[in-house]
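Contents: one structure, followed by commentary.
No lab work stands behind these numbers, since they all come straight from the coordinates. Nothing here was measured: the structure is a model prediction, and the numbers come from that model. Ideal geometry is used to build each Cβ from the backbone, glycine not excepted, and the neighbour counts take in all protein chains shown.
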Amino acid sequence: MSRIHYTKPSVGELESRYVLDAVQHGWGERCYEYITRFEKSFAEHLGVPYAIATSSCTGALHMGMAALGVGPGDEVILANTNWIASAAPIDYLGATPVFVDVLADSWCLDPEQVERAITPRTKAIVAVHLYGNLCDMDALLAIGARHGIAVIEDAAEAIGSQWRGKAAGSLGAFGAFSFHGTKTMTTGEGGIFVTSDKALYERVLTLSNHGRVSGSKRQFWPDFIGFKYKMSNLQAAIGCAQIERVEELIARKRAIFARYADGLLGVPGVSLNPQPAHSRNGYWMPTVVFDAETGITRETLIEAFQAANIDARVFFWPLSSLPMFEGVSVDTPMAFSLSGRAINLPSYHDMTDADQQRVIDVIRDVSRQGSPA
Ligand SMILES: *Cc1c(COP(=O)(O)O)cnc(C)c1O
């Protein structure tokens, strides 16, 4: 049986054409052409006025948080269920991540827990739209407004997701996306910072330029220490092709999810990524969670998928369980419980119906056999 990978980008003729053009002609006075075009197209797709392409989502988050003034002594609230990239920039800036629990259905921030975790030192809330699922943005934005705290959206996994008709990443103080090769759209490596706040945009633009204020007449004159997290023109050429194809890429993710949902109908004690009525899920990563009562665990699932030569992946470990956060006290039973009974399913663009059926069969078999005694 051939191996089924879990993610693999869809990169084809259009991407090749743009990159070849960038390689041959994108130098000298044209060295920023694809970058500018990519930023403009991405901002348009999202419905925001400002975008700055970066070398990674981590870099976009780092600069955005720096521009918001996050620094030593500050606290930043985020869910304990997360990838390290959402927390690392908080640490880079000398601030402290504060981990709170997630909701059982969305696997995203529990707004009540967020409000309870607020202290006079809280500087920001990072809303991560996990696996394409949306955070409750109404509740989080209201909490932010009530306490004068910025809500940041890490939308790396949420291209194509919408909250009440607005794109994920366009609702908070700023949004950050990733174009790593595992994401719905890719530039190889890469990311982007987006915002509707002109002043914040200008601060990040200056930061992204090694602290050189744009429009300054003096050459080689930084006013303060900034960052260097730029996207290259070559990567942006791939990005220009991918953003032209973005509706196709999102539609494919949604079709793959729909097929899984259909194939898993009636399997007892199983839930998949939710899509509340007023939202749209971009379904970056179709994920199966077994109810605790089924007794089916991550280990059982990993073993079954390995035996079938399918690359399924574990649900994120609670960040507080990682070595660098040892000793940090948290009260997040849901984050711990979820990661013990969930698995990410393969969902790459070119996977076939037969591939998906193999995945569905594994889950059905595991469910039928139940937990090992
Ligand atoms: C992939 C990912 C990132 C990191 O993106 P990079 O481009 O690799 O820095 C950050 N946050 C989330 C939620 C992600 O899924």
- In the chain, with Lys and Arg counted as +1 and Asp and Glu as -1 at Cβ, which of these residues, Ala142, Phe99, Pro276, has the Cα nearest the positive end of the dipole, that is, farthest along it? Ala142
- Assuming 1.567 mPa s and 4 °C, estimate D for the chain with Stokes-Einstein, Rh taken as the Kirkwood radius over Cα pairs, in µm²/s. 61
- Does a label point 7 Å from the Cα of Lys198, set along Cα-to-beta-carbon, have any residues of the stretch 28-60 with amide nitrogen under 16 Å, and which are they? 48-51
- Using a ≥ b ≥ c from the Cα gyration tensor of the stretch 56-139 (square roots of the eigenvalues), is it rounded, prolate or oblate, where a/c under 1.5 gives rounded and otherwise the larger of a/b and b/c decides, a/b for prolate? oblate
- Item | Antiparallel bridges, percent of DSSP beta bridges restricted to the chain (to nearest 5) | 55
- Query: Looking at the P(r) of the stretch 298-361, how many percent of alpha-carbon pairs lie beyond 20 Å?
  - Reply: 41
- Query: Rounded to a whole number, what is D in µm²/s for the stretch 256-320 from Stokes-Einstein with the Kirkwood radius over alpha-carbon pairs (37 °C, 0.692 mPa s)?
  - Reply: 242
- Given the options Ile77, Ile343, Ile296, state which has the largest fluctuation in a GNM of the chain using a 10 Å cut-off (strictly under) for Cα springs. Ile296
- Item | Label-zone membership for the stretch 338-366, site Glu303, 7 angstrom Cα→C-beta point, backbone N under 14 Å | 366
- Extension gain from Ala88 to Glu247, taking 0.36 nm per residue of separation minus the Cα-Cα distance: 54.2 nm
- Note on the structure: With bins of 5 Å, the percent of all Cα-Cα pairs of the stretch 238-279 per bin from 0 is 5, 18, 18, 20, 15, 11, 7, 4, 1
- In which sequence would Lys230, Lys166 go, from the one with the fewest C-beta neighbours within 10 Å to the one with the most? Lys166, Lys230
- Please arrange Thr96, Thr184, Thr58, Thr300 by counting, for each residue, the other beta carbons lying within 10 Å of its beta carbon, fewest first. Thr96, Thr300, Thr58, Thr184
- Message: I'd like the GluC sites (Glu not before Pro) in the stretch 274-373 restricted to DSSP loop residues with at most 11 other Cβ atoms within 10 Å, sorted by number.
- Response: Glu326
- Item | Spatial separation of Cα centroids for the stretch 193-248 and the stretch 329-373, in angstrom | 39
- Under the rule of -39500 (n - 2.57) per DSSP H run of 4 or more residues, summed and divided by the residues of the chain, what mean residue ellipticity at 222 nm is obtained, to the nearest 500 deg cm²/dmol? -11000 deg cm²/dmol
- Listed by chain and number, the lysines with an alpha carbon less than 21 angstrom from that of Lys230, same-chain partners under 8 positions apart left out, are Lys40, Lys183, Lys198
- Looking only at Ser321, Ser347, Ser56, which one moves most when the chain is put into a Gaussian network model with springs between Cα atoms under 10 Å? Ser321
- By the Kirkwood definition, with r running over pairs of different Cα atoms, the stretch 2-62 has a hydrodynamic radius in Å of 14.1
- Task: May I ask you to derive the relative contact order of the chain, considering only C-alpha pairs under 8 Å and at least 6 residues apart, and to give it as an integer percent?
- Result: 23
- Principal axes first, then extents: for the Cα atoms of the stretch 178-337, list largest minus smallest coordinate on each axis, whole Å, largest first. 67, 45, 36
- How big is D for the stretch 132-260, in µm² s⁻¹ as a whole number, if Stokes-Einstein is applied with the Kirkwood radius of its Cα pairs at 37 °C and 0.692 mPa s? 198
- Message: How would Tyr18, Tyr92 line up from fewest to most surrounding beta-carbon atoms within 10 angstrom?
- Response: Tyr92, Tyr18
- Mind listing the lone cysteines of the chain, meaning no other Cys beta-carbon sits under 4.7 Å from theirs? Cys31, Cys57, Cys240
- Return the ratio Rg/(2.2 N^0.38 Å) for the stretch 116-178, where Rg is computed over Cα atoms only. 1.07
